[in-house]
């Protein structure tokens, strides 16, 4: 198995899980955040199941291996600073999630069974990513 | 709109999400963050692009194939039109500056006990809650 095939397999299982869990259903996601209205606590079970499985799986992997099966090392995020960029970006993401009901991990699998209006969300999100990357690159261009 | 409380399906789906993340770490040594995956589309020349595109293709294909085989997934988008586009734009900017979303920070990051991911997750959960509450109950609704 090569890295592309293993990523495809991981994506298949991940996407199926998102669809079964209800994370790809904006109405369900928004109801989780609405305890004053038609509250649907299902999302807590999604996050609980995903987090517990990942935490146990990671612990087993990192405890037994010094490198993944198909690469020479684990590629883990190295950033440590908790700054305004992290908090402001996350705060913005939450506002957008609250408006749309879609997060990136929910919207990608939703494209497979509910192309519309998922595509509208994804195209707009893509524009937002491109815009933010362009703005982030500006200071470097000026000093280069 | 009322949605059914589905603890078993949601727990099972969540376990599958975790399993996908564990497989990607065990074989590729990578975090299963959807924000980073989308970089595979935007940077086609990046050496990481092929496996990222494969993950995205798998994530889209699984529910598509399941639907073709007769599975049904509940779906309803209360937000439509320009407001949905605005939401998408804000999500795109937010996950880029915040370096991740629900999958990267909320699942993989928390599973590694990353303080950054804990702060990010608490922040976006709080602002999502505030936004939904304001939109549904804040304007005399």
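How about the range A:111-121: which of its residues are touching a helix residue (DSSP H, G or I) at 6+ places or on another chain (Cβ under 8 Å) and at the interface with chain B (Cβ under 7 Å from one of its Cβ atoms)?
Scanning the range A:111-121 gives A:111, A:112, A:113, A:117, A:120, A:121.
If I go through the range B:94-110 residue by residue, how many of them are in a helix (DSSP H, G or I) and over 20 Å from residue B:55 (Cα atoms)? First the steps, then the outcome.
Quick first cut of the range B:94-110, residues in a helix (DSSP H, G or I) only: B:94-97, B:102-110.
Okay, now just the ones that are also over 20 Å from residue B:55 (Cα atoms), so B:94, B:97, B:110.
Total meeting the criteria: 3.
Table: residues versus (1) crowded, with 20+ Cβ neighbours inside 10 Å; (2) within 25 Å of residue A:77 (Cα to Cα).
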| site | (1), (2) |
| --- | --- |
| B:32 | yes, yes |
| B:36 | yes, yes |
| B:43 | no, yes |
| B:50 | no, yes |
| B:62 | yes, no |
| B:65 | no, no |
| B:75 | no, no |
| B:80 | no, no |
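Looking only at the range B:14-36, how many residues end up being under 12 Å from residue A:51 (Cβ atoms) and more than 7 Å from every other protein chain (Cβ to nearest Cβ)?
0
In the range A:17-53, what residues are under 18 Å from residue B:133 (Cα atoms) and in a loop (DSSP other than H, G, I, E, B)?
Correct list: A:33, A:34, A:35, A:36, A:37, A:38, A:39, A:40, A:41.
Looking at the range A:97-124, which of its residues are farther than 30 Å from residue B:70 by Cβ and in contact (Cβ under 8 Å) with a residue 12 or more places away in the chain? Outline the logic, then answer.
Here is the first cut: in the range A:97-124, the ones farther than 30 Å from residue B:70 by Cβ are A:97-99, A:124.
Scanning the range A:97-124 gives A:97, A:98.
Please verify whether the range A:87-96 includes one or more residues that are over 30 Å from residue B:74 (Cα atoms), without any contact (Cβ under 8 Å) to a residue 40 or more places away in the chain and surrounded by fewer than 22 Cβ atoms within 10 Å (Cβ to Cβ).
For the range A:87-96, residues over 30 Å from residue B:74 (Cα atoms), without any contact (Cβ under 8 Å) to a residue 40 or more places away in the chain and surrounded by fewer than 22 Cβ atoms within 10 Å (Cβ to Cβ): present.
Given the condition buried (at least 20 other Cβ atoms within 10 Å of the Cβ), part of a helix (DSSP H, G or I) and under 19 Å from the mean Cα position of the chain (by Cα), answer yes or no: does some residue in the range A:62-85 qualify? Give the steps one after another, and end with the answer.
Start the filter on the range A:62-85 by keeping residues that are buried (at least 20 other Cβ atoms within 10 Å of the Cβ), which leaves A:68.
Next cut, part of a helix (DSSP H, G or I) only: none.
Looking for residues that are buried (at least 20 other Cβ atoms within 10 Å of the Cβ), part of a helix (DSSP H, G or I) and under 19 Å from the mean Cα position of the chain (by Cα), one finds none in the range A:62-85, hence no.
So how many residues does the range B:111-124 have that are in a helix (DSSP H, G or I) and at the interface with chain A (Cβ under 7 Å from one of its Cβ atoms)?
Number of matching residues: 7.
Please find, among B:59, B:74, B:54, B:36, the residue that is touching a residue at least 40 places away in the same chain (Cβ under 8 Å) and not in a loop (DSSP other than H, G, I, E, B). It would help to see each step written out before you state the result.
Details: B:59 fails: touching a residue at least 40 places away in the same chain (Cβ under 8 Å); B:74 fails: not in a loop (DSSP other than H, G, I, E, B); B:54 fails: touching a residue at least 40 places away in the same chain (Cβ under 8 Å).
One residue alone meets the criteria, B:36.
May I ask you to say which residue of A:106, A:101 is more than 7 Å from chain B (Cβ to nearest Cβ) and surrounded by 20 or more Cβ atoms within 10 Å (Cβ to Cβ)?
Details: A:101 fails: more than 7 Å from chain B (Cβ to nearest Cβ).
Exactly one of A:106, A:101 is more than 7 Å from chain B (Cβ to nearest Cβ) and surrounded by 20 or more Cβ atoms within 10 Å (Cβ to Cβ), namely A:106.
FYI, it's all coordinate maths here, none of it is from the lab. Predicted, not measured: the structure shown is a model, and the values here were computed from it. Please note: Cβ atoms are built from the backbone with ideal geometry, for glycine as well, and neighbour counts cover all protein chains shown.
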